[in-house]
Amino acid sequence: MMEAKEGLRTVVGLMSGTSMDGIDAALLRTDGRDRVEALDYLTIPYDDGFRTRLRGCLGQTGNNGPVAEVERDLTDAHADAVHRLLDKAGVAAAEVELIGFHGHTIHHDPDRRLTCQIGDGARLAAATGIAVVNDLRSADVAAGGQGAPLVPLFHRALAHGLPRPLAVLNIGGVANVSWIGSDPQEGEADVVACDTGPGNALIDDWVLRHGLGRFDAGGALAAAGQVDDAALAVLMAHPYFGRPAPKSLDRDAFDPAPVAALSPQDGAATLTAFTAESVASVVPHLPAPPVRWLVCGGGRHNATLMAMLADRLGVPVQPADTVGWDGDALEAQAFGYLAVRSRLGLPLSLPATTGVPVPMPGGVFHPAG
């Protein structure tokens, strides 16, 4: 048995990101406000067959036919992840109050007030015996927000005592930034957020298309190539980069056609530069330039990308692990944190993080099965 701590709830957060690598599962204690204690974490990769089936659901807006089958299997895989995480941590399901279940985004078009995350919250609650909060984006999008990113309030909770303005950059399939300023003055926001542009998705797809694996391990392929400046300029001409924050993207928002004729090495270098350049392009849209960037998600393992970011941003760019955070676990932890906020009726998003008109609660609750 774990020792209970006053005001803290023991929760599990689950994330299946746009890179389609697998399931991240995190165990934590939190009050849903400014206290977070990380307890344990694991990741379970998807097998190639399931990843192919999941990829086939991208762009869909319902859960009929094959999508329903994938949703069932995705949910069951998440239930297995919960059981394995609790076994690893030596924690009984009865000690866990809540699961924050993101599901997997298969379509995101907030300008049409559409977002779709597959994952059956009731099925997960029945399979684990733990209450579940899922469908965390829909209320924001229905109210006119971007529905993403949802992690900034969690990043703000973690950032106590760190120099500000601070940028927390999550590089998954899509990249997003949380800008965290000083304590707000009257009428000012202390957190601003947006998707910056592509993260790993275009690079991963490029490597896969050339039969060189699922991703550019360490950025080695990109390091062996040369950036094609003309192709990069075409990619950066996308109107998204001129829009102010907050803003968000679908995984497949960008057409990689400008790099189609390049060698595998040069294409990887150019797409990696595209991710770095798009991050740098957001700085003029932030209230003030960050003095430091902390990077989480899989992209921080790409040394070529990290070097390109440091070159373009001109301030320290470091893995989030530098300050004691687990850069792989953060997004899963965030959805456990948001599940607690959902149950407390607290906002999951703010006008400055998603563009929603008013601070917006959200999530759908499923009691323990």
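The values are calculated or read from the model by the stated rules, or taken from the named source; none is laboratory data. This is a predicted model, so every value here is computed, not measured. Please note: Cβ atoms are built from the backbone with ideal geometry, for glycine as well, and neighbour counts cover all protein chains shown. SASA here: full protein model, heavy atoms, side chains in, ligands and nucleic acids out. Shrake-Rupley method; radii C 1.70, N 1.55, O 1.52, S 1.80 Å.
Could you work out the helix-only [θ] at 222 nm for the chain, with each DSSP H run of four or more residues adding -39,500 (n - 2.57) and the total divided by the number of residues, to the nearest 500 deg cm²/dmol?
Here the helix-only value at 222 nm equals -9500 deg cm²/dmol.
Could you order D229, D190 by accessible surface area, starting with the largest, using a probe radius of 1.4 Å? Don't skip to the end; give the middle numbers.
Numbers: D229 115, D190 20 Å².
The ordering from most to least exposed comes out as D229, D190.
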In nm, what is the difference between 0.36 nm times the number of residues separating Q226 and F365 and their Cα-Cα distance?
-> 45.1 nm
A correct Karplus calculation of ³J(HN,Hα) over the range 223-228, with 6.51 cos²θ - 1.76 cosθ + 1.60, θ = phi - 60°, whole Hz and x for Gly and Pro, returns 5, 8, x, 10, 5, 8
When only Cα pairs under 8 Å and 6 or more residues apart are kept, what is the percent relative contact order across the chain?
-> 23 percent
Can you list residues whose amide H is under 5 Å from S349's amide H, if they're 5+ apart or on another chain and H is modeled 1.01 Å from N?
-> M360
Added length on full extension, which subtracts the Cα-Cα distance from 0.36 nm per residue, S182 to R214 | 7.5 nm
Fraction of antiparallel bridges per DSSP, the chain only, in percent to nearest 5 | 75 percent
The answer for L114, listing residues at least 5 apart or on another chain whose modeled amide H is closer than 5 Å to its amide H, is D109
Net charge near G199, counting Lys/Arg +1 and Asp/Glu -1 over other residues with Cβ under 11 Å of its Cβ?
-> 0
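For the range 37-76, rounded, prolate or oblate, judged on the Cα gyration tensor with a ≥ b ≥ c (square roots of eigenvalues), a/c < 1.5 rounded, else prolate if a/b > b/c?
Judged from the Cα gyration tensor, the range 37-76 comes out prolate (a/c at least 1.5, a/b above b/c).
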Accessible area of L305 in the full protein assembly, 1.4 Å probe (Å², nearest 10) | 0 Å²
Whole Å is fine, so just give me how far the alpha carbon centre of the range 138-163 lies from that of the range 70-135.
-> 19 Å
Springs between alpha-carbon atoms under 10 Å, Gaussian network over the chain: tell me which of H104, H155, H83 tops the mean-square fluctuations.
-> H83
Accessible area per residue in Å² at 1.4 Å probe, computed on the chain = 39 Å²
Determine the distance separating the Cα centre of the range 255-301 from the Cα centre of the range 324-340; give it in Å without decimals.
-> 23 Å
For F365, F215, F154, what's the largest-to-smallest order of accessible area, 1.4 Å probe?
-> F215, F365, F154
Relative to the present Cα-Cα distance, how much length would full extension add between A142 and A261 at 0.36 nm per residue of separation?
-> 38.8 nm
Which one of S278, S16, S263 has the biggest mean-square fluctuation once the chain is modelled by GNM with Cα springs under 10 Å?
-> S263
Interchain or sequence-distant (5+) residues whose placed amide H lies within less than 5 Å of the amide H of T196 are A175, N176, V177
Just by accessible area at a 1.4 angstrom probe, what is the order of R9, R123, R137 from largest to smallest?
-> R123, R9, R137
Using the Karplus equation 6.51 cos²θ - 1.76 cosθ + 1.60 (θ = phi - 60°), what ³J(HN,Hα) coupling, rounded to whole Hz, does each residue of the range 357-369 give in order, writing x for Gly and Pro?
-> x, 9, x, 10, x, x, x, 10, 9, 10, x, 4, x
Expected max-MSF residue from L42, L98, L136 in the GNM of the chain (alpha carbon, under 10 Å) is L42
Give the carbon-plus-sulfur fraction of the accessible surface of the chain in %, rounded to a whole number; probe 1.4 Å, heavy atoms of protein chains only.
-> 51 percent
Using a 1.4 Å probe on heavy atoms of the protein chains only, the accessible area for T304 in Å², nearest 10, reads 20 Å²
Global form of the range 94-143, assessed from the alpha-carbon gyration tensor, a/c cut-off 1.5 = prolate
What are the ³J(HN,Hα) values, in whole Hz, obtained from phi via the Karplus relation 6.51 cos²θ - 1.76 cosθ + 1.60 with θ = phi - 60°, for each residue of the range 148-165 in sequence order, with x given for Gly and Pro?
-> 6, x, 9, 8, x, 5, 5, 4, 5, 5, 7, 8, 4, x, 8, x, 10, x
